[in-house]
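Data first, discussion second: the structure below is written as structure tokens.
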2 protein chains.
Amino acid sequence: MTQVTCDLGISLDGLSAGVNQSLDQPFGDGVGDGEQLHAWMFEHAADHQAELAAITAAGAFVMGRHMFTPGRGAWDLAWRGWWGEDPPYHAPVFVLTHHEREPLPMSGGTTFHFVTGGVSEALRQAREAAGDRDVAVAGGATTINQFLAADLIDELRLHVAPVVLGVEGVRLFDGVGPRRLRTVSARATPEVTHLVLRR
Amino acid sequence: MTQVTCDLGISLDGLSAGVNQSLDQPFGDGVGDGEQLHAWMFEHAADHQAELAAITAAGAFVMGRHMFTPGRGAWDLAWRGWWGEDPPYHAPVFVLTHHEREPLPMSGGTTFHFVTGGVSEALRQAREAAGDRDVAVAGGATTINQFLAADLIDELRLHVAPVVLGVEGVRLFDGVGPRRLRTVSARATPEVTHLVLRR
């Protein structure tokens, strides 16, 4: 049975980004380039190979519009995502949006598809594309909260940086409502705790 | 060197209690008797003996007024705390309050002292009472946030239940501001993750 997974890097205060995300500060006010949250990925990658591999192991991905672009409103068609010409997904990525756009094929097997039918339609298309592989909800927190509220995530993998951001932002679990999960595992290094939960 | 420790049971959304704590619902609206947060302590104690022992290992404790009593305003002198005649502290406990009250000796070595001089005065008295043992900040979250904001906690031990409470309440780290800690360890069982952080 394929499952829906979700990886998210968060702070101790439950934030993955601040407000006012833009090209200059993709993680928003007070979080900037996200270095405090993601140092484990970039500075200590060798210590976290299994967790890093798992993040992009799915057969298809779903992400929110604002994870794909800092823009709002109609598409700037010159924008091809944050990840350069060979994004790390190497699989179809379904981007939730209110604005239609043609599919955007990138190098390395990633194609961004733009879905205007909402969460369940994006998930349906992602499941179909993934075949017998998992579907991953790639973020951001607003999108993840929508999936959590609809009980659509089987395995939630949080990467908790030992920092308090102390800024305004979208908090994981905001608006999700009472839920009871099960802890699968936790693994700590000085710079991150990998916490795996299941529905 | 003695240190200041702090243990707190929280939900995935960072809450240790809801609003409107009272005798009928000591953990407040939507959290009631706190069973979702504290099942690991009561139903699975044998799996968590080291963590449970550490919670009450200090030589003195500091707690907020509302952890000692659900009341507000002047003291109801008939109130002797939540813990019966032999509280689990077995050491002096310094209760932060705006209302003076004589010390309250209990069985088993616990004496509640009521401190009107604020956080730093309570900590000073607790350090003196603890001698060469640690001082523990026992809660609640508002008091812990005051200590965190003043950088007074050396070791923060979070016991994260795999539940989203999804209620209004005091959130750990609210108002503390940006902080960078270090992860010491994490240990998970299905019902809780013990996460240890240091300043």
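The set of residues in the range A:11-58 that are in a helix (DSSP H, G or I) and more than 15 Å from the chain's Cα centre (by Cα) comprises A:35, A:36, A:39, A:40, A:42, A:43, A:45, A:46, A:47, A:48, A:49, A:50. The criterion of being under 18 Å from the mean Cα position of the chain (by Cα), closer than 12 Å to residue B:5 by Cα and of a type in the set (Phe, Trp, Tyr) holds for residue B:147. In the range B:52-60, the count of residues that are within 20 Å of residue B:142 (Cβ to Cβ), out of contact with any strand residue (DSSP E or B) (no Cβ under 7 Å at 6 or more places or on another chain) and crowded, with 18+ Cβ neighbours inside 10 Å is zero. Summed over the range A:95-110, the residues that are touching a residue at least 24 places away in the same chain (Cβ under 8 Å), out of contact with any Ser or Thr (no Cβ under 7 Å at 6 or more places or on another chain) and assigned to a loop (DSSP other than H, G, I, E, B) give a count of 4.
Mind listing just one residue for me: the one in the range A:164-186 that is without any contact (Cβ under 8 Å) to a residue 12 or more places away in the chain and out of contact with any His (no Cβ under 9 Å at 6 or more places or on another chain) and, of those, nearest to residue A:15 (Cα to Cα)? Talk me through it step by step, then tell me what you get.
Start the filter on the range A:164-186 by keeping residues that are without any contact (Cβ under 8 Å) to a residue 12 or more places away in the chain, which leaves A:178, A:180, A:185-186.
Pick out the ones that are also out of contact with any His (no Cβ under 9 Å at 6 or more places or on another chain) and you get A:178, A:180.
On the way: A:178: 19, A:180: 20 Å.
Checked the range A:164-186; the qualifying residue nearest to residue A:15 (Cα to Cα) is A:178.
Residues of the range B:62-94 that are within 23 Å of residue B:52 (Cα to Cα), in contact (Cβ under 8 Å) with a residue 12 or more places away in the chain and small (Gly, Ala, Ser): B:64, B:81, B:91. Going by the structure shown, is residue B:189 surrounded by 20 or more Cβ atoms within 10 Å (Cβ to Cβ) and either within 17 Å of residue A:15 (Cα to Cα) or facing another protein chain (nearest Cβ under 7 Å) (or both)? When the stated conditions are applied, residue B:189 does not pass them.
Residues being basic (Lys, Arg) and at the interface with chain A (Cβ under 7 Å from one of its Cβ atoms): count how many of those fall in the range B:158-180. Before the answer, list the steps.
So the first thing to find is which residues in the range B:158-180 are basic (Lys, Arg), and the list is B:171, B:179-180.
Subset that is at the interface with chain A (Cβ under 7 Å from one of its Cβ atoms): B:179-180.
Qualifying residue count for the region: 2.
Sub-7 Å Cβ pairs linking a first residue in the range B:10-31 that is within 11 Å of chain A (Cβ to nearest Cβ) to a second residue that is surrounded by 24 or more Cβ atoms within 10 Å (Cβ to Cβ) and of a type in the set (S, T, N, Q), at least 6 apart or interchain, are B:10/B:16, ordered by first then second residue.
None of the figures in this text is laboratory data; all of them are computed from the coordinates on show. Keep in mind that this is a model prediction, so the values were computed, not measured. We place every Cβ from the backbone using ideal geometry, glycine too, and count neighbours over all the protein chains shown.
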